Amino acid sequence: MDDKSSNKQDIKGGAGITAGHDVTIGDNTGQQAIGEYVNQFQIQQPSGEALIKLMQYLDEKRQASVNLKILNCYSPSTLPDYPPRLREFVTENRVHEINQAMVYLNEHRILFISGMGGIGKTTLARALVETRPANVPLPFWFDFAKRPGATLGDVLKELAGYIHTPQIAQFVDEGREAGQDDINRLTDELEKRDSPWLIFDNLETALNNRNFHDPGIDSLFTSLRDSTHQAKIIITSRTLPVLADGGSLIDILEDNKHELKGLKPNFAVDYLVKNGLDEVEQSQLEELTSSVDGHPLALKLLIGLVKNFGVKDTLDNLSTFKRHKESTIKMARRLFDKLAGDEKELLEHISVFRQPESKTAIERMFVATTSEDAIENLMEKSLLETDHEGSYWLHPLVGEFAYDDLENKMKVHEIAMQYYLSLPVPEERTSREDIQPLIEAHYHACRAEDYNKALNIIMDNKLYVDLDRWGNYRTLVDLYLGMLPEDHFSDNILFDDIGDHSVVLGNLGLAYGDLGQVEKAIEYIKQVLVISREIGDRRGEGAGLGNLGSEYGNLGEVEKAIEYHKKALVISREIGDRRGEGADLGNLGSEYGNLGQVEKAIEYYEQALVISKEIGDRQGEGNALGNLGSSYSDLGQVEKAIDYYEQALVISKKIDDRRGEGHHLGNLGDAYRNLRQVKKAIEYHEQALVISKEIGDRRGEGAELVYLGNAYSDLGQVKKAIDYYEQALVISKEIGDRQGEGSDLGNLGSSYSDLGQVKKAIDYYEQALVIGKEIKDPKLINFCEENLKSIKS
């Protein structure tokens, strides 16, 4: 099948920060740090209002073209939620710490934020993201709490994707564990970069006592401490790690308190007043806040305790805790237990949700003893939070307390799964948000260890079709990984049927292939072949052979690809799988086309067309017609190609195949461009672009942007072409399309060469060449090498 994405390659011709320093935005150091990127803000006094204005200004500056080009060179991680009310609260109450941190980062590379759980370390790090310089991209964010047992290899693979430098993760292709050489590649790359931010959250979960459980992680942070890179490192942790060499991750001065403290007394009292304790005497408010050292979570719990038990009883309890020399975190746990009362079981059930949820979701978790006004009670007690717009959630530490006490976790996850499955999903799905309930249902099915149900959620709802169309290949990978044992190729099968295990392995392989990790894809698909042969699944064996052929084709090993497709064709014919036979013939046509044997490709496409008509496969018929059109276009018979494209377009419209419709419109546009009817070509490409956006086809959208760039380049409007290529490049990076990314970079190189900007052209060609070698794309490699040789001569 002629995948439109292939047409996309239509390339032309160390120390810690603490609340102990008394630094304000009004002093010279603060003015200097902020003044480097915001000259018009002359903040004399630290205030939340001033910082919010600064954040708004920086947001505007990031939209400037010069900054956008920098920001688009990275693939940002998913950041913690930061709703407006939380942003406002943190900005007002942590203005001193935010300012101090920004001043410190101006002079140092490692910012260490420590403190007990619930004190606000993660939130402070998240707040700093809003005040980063305008030319600093969204940061790399790795949460060790969400990746328990993470190894050096896990971290480096994520970093390699973030900075678009696959060499950092070459240990994967080499089949070995990550080591110091790979760390050195990372630090060498960071030396070339202009101060990206790397945030490592909840680092204490990577420690055994105070030492790293993984020697590789230890080596990583030792190198980040000692090397001369340009990155800014922000670390949050309850504990300061001790490295294997006996040294500390940061140098702590005797007079430098490096632990994040609770809210200052005046802010803490103000917080209590604003949250319903306005009638409590000032002296009692001060005693309440000092008893918990201004700990944000403990203050939330105190509000509920005072409202439910009164000031006197609450202070008496606090005195009892103090006599037992409770730590603030243990005190928060005791406050939670006392406050939860009869609603503790409900809180435990709510704790399985991993995102803010509706009132209906909370009610689904009600138990037999739950009162009708439980939600209002929990909010009154400050145990349940809300945005007052219909969403509810637990504070992370409250959720941790509650989930730890939940005895029958699998049963409650099953209830959550059933809730999400009851939610309606739009018939017309255009984005990941439309299927989020199904993604959540899948997550809870895995947690309930109902892996058969988890797979059915994906297959019955065709999530793989939607996520492929939108380019959400990473989400697909995560879904499939959730259904595999820790050792993916072990005999520990999580499904009732080994065939289902084989399906997951195969689909995971295809998803890795879409991410450009072709050799990893081949590894998984080969395992599918092993299983299929063991259980005598001839159809599965044929599909595995065909998929291997496609992946070897992506590696440029066309002869090997043809060999696998021919083996698949034999099986399809043996078992009478006519649809599979048509697909195998189409794949063979594509590979012979790649070899330049266009007449032979046409023979295979014509055989596939006959089968599609015989079995009534209208979509397959349209694909075969489109492929024939592309082949005749390659032969220079453009009018004949247009005839085939138009026939294919008619079929797509009749069967309401919007994706196919956009595909054929794009091919028509390219055909008219070949006839030098460029304005007509633009009309077709614009129609195709509209369809791609409407259905959320990100890969198709990127392809049409490239086609439009090519067309405007033909018209001599090179700057307009560059704009389209840059938009396409953004999409390629977003969806992890490495081949598309390389092609887009190559197109930009050609455009800047046309403008006479040689250095810029060389830079783009070299970036494209790196990707070409990484994904082993001979066409892209040859194109870049030839142009670099020509432009440098």
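The values are calculated or read from the model by the stated rules, or taken from the named source; none is laboratory data. Since the model is a prediction, treat every value here as computed from it, not as a measurement. Note: ideal-geometry Cβ built from the backbone for every residue, glycine included; neighbour counts use all protein chains shown. We work out accessible area using only protein heavy atoms, side chains counted, and drop any ligands, DNA or RNA first. Shrake-Rupley method; radii C 1.70, N 1.55, O 1.52, S 1.80 Å.
Kindly write out, for segment 105-122 in residue order, the coupling ³J(HN,Hα) from the Karplus curve 6.51 cos²θ - 1.76 cosθ + 1.60 (θ = phi - 60°), rounded to whole Hz, with x marking Gly and Pro.
Taking θ as phi minus 60°, the curve returns 5, 5, 10, 10, 9, 10, 10, 10, 10, 10, x, 6, x, x, 7, x, 5, 4 Hz for segment 105-122.
Any chance you could check the Cα centroid distance between segment 208-254 and segment 551-574 for me, in angstrom?
49 Å
Separation between the LYS560 and ILE498 pseudo-spin-labels, each 7 Å from Cα along Cα→Cβ, expressed in nm?
2.7 nm
7 Å from Cα along Cα→Cβ at both SER195 and LYS264: what's the point-to-point distance in nm?
2.6 nm
List the residues, sorted by chain then number, that are 5 or more residues from ASP143 or on another chain and whose placed amide H is less than 5 Å from its amide H.
Those qualifying (amide H under 5 Å, at least 5 residues apart or on another chain) are ASP201.
How large is ³J(HN,Hα), in whole Hz, for each residue of segment 142-155 in order, when computed from phi with the Karplus curve 6.51 cos²θ - 1.76 cosθ + 1.60 and θ = phi - 60°, using x for Gly and Pro?
10, 9, 5, 5, 8, 10, x, x, 4, 9, 4, x, 4, 5
For ASP81 and GLU599 in one chain, what is 0.36 nm times their gap in residues minus the Cα-Cα distance, to one decimal in nm?
Computed gain between ASP81 and GLU599 is 180.9 nm.
Compute the FRET efficiency between GLU639 and VAL690 as 1/(1 + (r/R0)^6), taking r as their Cβ-Cβ distance and R0 = 30 Å, and round to the nearest 0.05.
Efficiency for this residue pair is about 0.70.
Sticking with the crude label model, points 7 Å out along Cα→Cβ, report the distance from GLU606 to VAL425 in nm, one decimal please.
Between GLU606 and VAL425, the simple spin-label model gives 4.2 nm.
Would you mind getting me the FRET efficiency between ASN275 and VAL730? Use the beta-carbon distance for r and R0 = 56 Å, nearest 0.05.
So, using R0 = 56 Å, E works out to roughly 0.85.
Using 0.36 nm per residue, how much length does the chain from TYR464 to GLU766 gain when fully extended, once their Cα-Cα distance is taken away?
105.3 nm
Where the centroid of each part is defined by its Cα atoms, how far is segment 429-472 from segment 702-763 in Å?
34 Å
Can you give the FRET efficiency to the nearest 0.05 for LYS411 and GLU614, using r as the Cβ-Cβ distance and R₀ = 45 Å?
Between LYS411 and GLU614 the formula returns 0.30.
Give me the percent of the accessible area of the chain that comes from carbon and sulfur atoms, probe 1.4 Å, all protein chains in place.
45 percent
Ordered by packing density, taken as the mean number of other Cβ atoms within 10 Å over each peptide's residues, highest first, how do 738-748, 221-231 rank?
Descending packing order for the listed peptides: 738-748, 221-231.
Report ³J(HN,Hα) in whole Hz for each residue of segment 190-202, in order, from the Karplus equation J = 6.51 cos²θ - 1.76 cosθ + 1.60 where θ = phi - 60°; Gly and Pro get x.
The phi angles translate into 5, 5, 7, 8, 9, 6, x, 9, 10, 10, 10, 9, 6 Hz.
Over the chain, with the other protein chains present, what is the accessible area per residue in square angstrom, probe 1.4 angstrom?
44 Å²
Out of these labelled values of Cα Rg over 2.2 N^0.38 Å, (1) 1.10; (2) 1.06; (3) 1.34, which was calculated from the coordinates shown here?
Among (1) 1.10; (2) 1.06; (3) 1.34, the one calculated here is (2).
Give, in nm to one decimal, the length gained when the segment between PHE366 and GLU534 is fully stretched (0.36 nm per residue of separation minus the Cα-Cα distance).
Length difference between fully extended and current span is 55.7 nm.
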